[in-house]
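Chemist: Input: one structure, supplied below.
The values are calculated or read from the model by the stated rules, or taken from the named source; none is laboratory data. All figures in this text were calculated on a predicted structure; none of them were measured in a lab. Reconstructed Cβ throughout: ideal geometry from the backbone, glycine too, with neighbour counts over all protein chains shown. Accessible surface is based on the protein model in full, side chains and every heavy atom, while ligands, DNA and RNA are left aside. Shrake-Rupley method; radii C 1.70, N 1.55, O 1.52, S 1.80 Å.
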Amino acid sequence: MEVCYQLPVLPLDRPVPKHVLSRRGAISFSSSSSLFGAPDPRQLSQRRGAISYDSSDQTALYIRMLACSDPPWASGSVPGPGSSSAGPVSGRRLRRLLSFQRYLHSSRLLRGTPHLNPLHILDEDYTGQAKCMLEKVGMWNFDIFLFDRLTNGNSLVTLTFHLLNQYGLLELFQLDMMKLWRFLVMVQEDYHSLNPYHNAVHAADVTQAMYCYMREPKLAKSLTSCDLLLGLLAAATHDLDHPGVNQPFLIKTNHYLAKLYRNSSVLENHHWRSAVGLLRETGLFSHLPAEDGLQMERQLGSLILATDISRQNEYLGKFRTHLDQDDLCLSSAAHRHFILQMALKCADICNPCRPWELSKQWSEKVTEEFFHQGDIEKKHKLEVSPLCDSQSNSMENIQIGFMTYVVEPLFAEWGRFSDTRLSQTMLGHLGLNKASWGGLLQQEQGSSTEDLEASGCASVAMPTPAVAKSEPEPASAEPDAIATATDIGETNSQTDNKIIPQGSEES
């Protein structure tokens, strides 16, 4: 059993009840399910040495001591409970513990080197190429894969910090730079890098798309500083701690989160609660009045919950009604919040609207994740979820169906709301990409037909052995019809019981 580095805790007036060690129900998936080869769930109380909880009268934090000049893990071992040392900490946990210290010791900014820009973050830790890319971060053809390589896998931290800094939100909200950086590092670390699709690079891509949408003329002149802060934070955390499987999988495996959230927006509630946990753990908003901090958390949850694909028709219908009646008033806080919800929904599924070179990479990654879930379901003799069976689905068919039934209707309405060059560019890429997948599908079907004809000719040309004449020939099985992506596996019949953050502003 791996041992976490046990750190001092803040003094408490009262003992910590056991039931609050679940961090308000937001616990990392990396140690919550035996289906993923994880440790016993009883180990969750440690949560990598960092747990926070809140109650009606107090909040306690189990924190790491980041200012240690000679960390105890430098020798390769960490102290454990009741002993002076223990076995070596795992690579992931050690990276989590050291990530912030590496920045502290290596940055010219924090070593006190004079500089002209007090918020300059691209120093020797990053290449000049990454800095050049950030100068064009508002371009729709921004290559997030290249940017992630240039930042050594830190695309989410670097991009989000840069955008918050560019909007002047650090000074406006008086955000502590060290708390913000630590929060972003922890967010990036809580994305599962082994997920082909739902990882920190996807979060960075959604954040960049959200920035593009918030720069659109209608939004740029209407959004408040609070809207900008919430939009960027929601984009960065919208899939936090995603396990790489969908909600139906959690429900049919009786996962504890499915029970906790009553089978309703399970993943989205978990992403939101995890984000709130990190906000409280780092104290990013601790300097704000208590009510303001709670309001920010509720609005953050409202944005993240809007990304639930099972509520697509609900949000799309409301959006279409507003556009038909022409009653959207962006001077209204409720209407601005609703538009932010729609913008985040668009950003979350905008991959088919990117240039083909980028869109195709994302399609390959999401298909790989779908099929990986199908393999897990087959291994445990579970019913295979829609689109997750590699034997009956193809990447081409999945993408064409997804574009037709999910992406096109949403972006058509967004184009009505914001008829700009960006919207026309996105719809243009969407049409071209759909045609490209259609061409690949025809090629695949053509090659399959040729293979069948070739095998048929070969069987005719081959002499049939006399002994085989007495055996009946097996009937040729008709190929299965390729499923269209009318349902991407996230349907939920219990939307009436959905947990909505208290006080969320929806029109």
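Chemist: Calculate one ³J(HN,Hα) per residue across the stretch 203-218 by plugging θ = phi - 60° into the Karplus curve 6.51 cos²θ - 1.76 cosθ + 1.60, and present them in order as whole Hz with x for glycine and proline.
Modeler: Rounded to whole hertz, the list is 4, 5, 5, 5, 5, 5, 5, 4, 4, 4, 5, 6, 8, 4, x, 4.
Chemist: Under a Cβ-Cβ cut-off of 14 Å, what is the net charge of the residues other than L169 that fall near it, where Lys and Arg count +1 and Asp and Glu count -1?
Modeler: -2
Chemist: In a shell of Cβ-Cβ distance under 10 Å around H198, excluding H198 itself, what net charge do Lys and Arg (+1) and Asp and Glu (-1) give? Before the final figure, lay out the partial values.
Modeler: Values: positive: K365; negative: D239, D241, E369.
Net local charge, H198 excluded: -2.
Chemist: Considering only protein heavy atoms, what per residue accessible area in square angstrom results for the stretch 193-234 with a 1.4 angstrom probe?
Modeler: Details: 1230 Å² over 42 residues.
Spelled out: the 1.4 Å probe surface of the stretch 193-234, per residue, equals 29 Å².
Chemist: What are the ³J(HN,Hα) values, in whole Hz, obtained from phi via the Karplus relation 6.51 cos²θ - 1.76 cosθ + 1.60 with θ = phi - 60°, for each residue of the stretch 299-304 in sequence order, with x given for Gly and Pro?
Modeler: Karplus values, whole Hz, x for Gly and Pro: 5, 4, x, 4, 5, 5.
Chemist: When averaged across all projection directions, what area in nm² does the alpha-carbon convex hull of the stretch 248-398 cover?
Modeler: On the way: hull surface 50.1 nm².
Value for the stretch 248-398: 12.5 nm².
Chemist: Could you look at the stretch 122-348 and say what percent of its accessible area is carbon and sulfur, using a 1.4 Å probe and all protein chains?
Modeler: On the way: 3840 of 7460 Å².
Summing carbon and sulfur atoms, their accessible area is 51 percent of the total for the stretch 122-348.
Chemist: Would you mind working out the magnitude of the charge dipole of the stretch 191-244 relative to its Cα centre, with +1 at each Lys and Arg C-beta and -1 at each Asp and Glu C-beta, to the nearest 20 Debye?
Modeler: Details: 3 positive and 5 negative charges, 53 e Å.
About 260 debye.
Chemist: Between the stretch 361-434 and the stretch 134-189, what's the alpha-carbon centroid distance in Å?
Modeler: 27
Chemist: Let me ask something else. If you build the convex hull over the alpha carbons only and average its shadow over all orientations, what do you get for the stretch 171-264? Give it in nm² to one decimal. List each step's numbers first, then the result.
Modeler: On the way: hull surface 31.6 nm².
Its Cα hull, projected and averaged over all orientations, spans 7.9 nm².
Chemist: Give me the net charge of L358's neighbourhood, meaning all other residues with Cβ under 13 Å from the Cβ of L358; Lys, Arg count +1, Asp, Glu -1.
Modeler: So the surrounding residues net to -2.
Chemist: Can you give me the distance in nm between label points at K221 and K379, each placed 7 Å from the Cα along the Cα-to-Cβ direction?
Modeler: 5.5
Chemist: Which percent of Cα-Cα pairs in the stretch 158-317 sits in each 5 Å bin, short to long?
Modeler: 1, 9, 17, 22, 22, 15, 9, 5, 1, 0
Chemist: On to the next question. Ranking request for peptides 375-381, 334-340: highest mean number of other beta-carbon atoms within 10 Å first, then the rest in descending order. Spell out each step's value before the answer.
Modeler: On the way: 375-381: 13.4, 334-340: 21.0.
By packing density, highest mean first, the sequence is 334-340, 375-381.
Chemist: So, for the stretch 264-364, what is the accessible surface per residue at a probe of 1.4 Å, expressed in square angstrom? Walk me through the intermediate numbers first.
Modeler: Details: 3000 Å² over 101 residues.
Using a 1.4 Å probe on heavy atoms only, each residue of the stretch 264-364 averages 30 Å².
Chemist: Quickly rank 415-422, 343-350, 229-236 as a protection proxy: mean count of other C-beta atoms within 10 Å, highest first.
Modeler: 229-236, 343-350, 415-422
Chemist: Can you tell me how the stretch 131-184 classifies by the Cα gyration tensor, rounded, prolate or oblate, using a/c under 1.5 as the rounded cut?
Modeler: Numbers: a/c = 3.23, a/b = 1.59, b/c = 2.03.
Here the stretch 131-184 falls in the oblate category.
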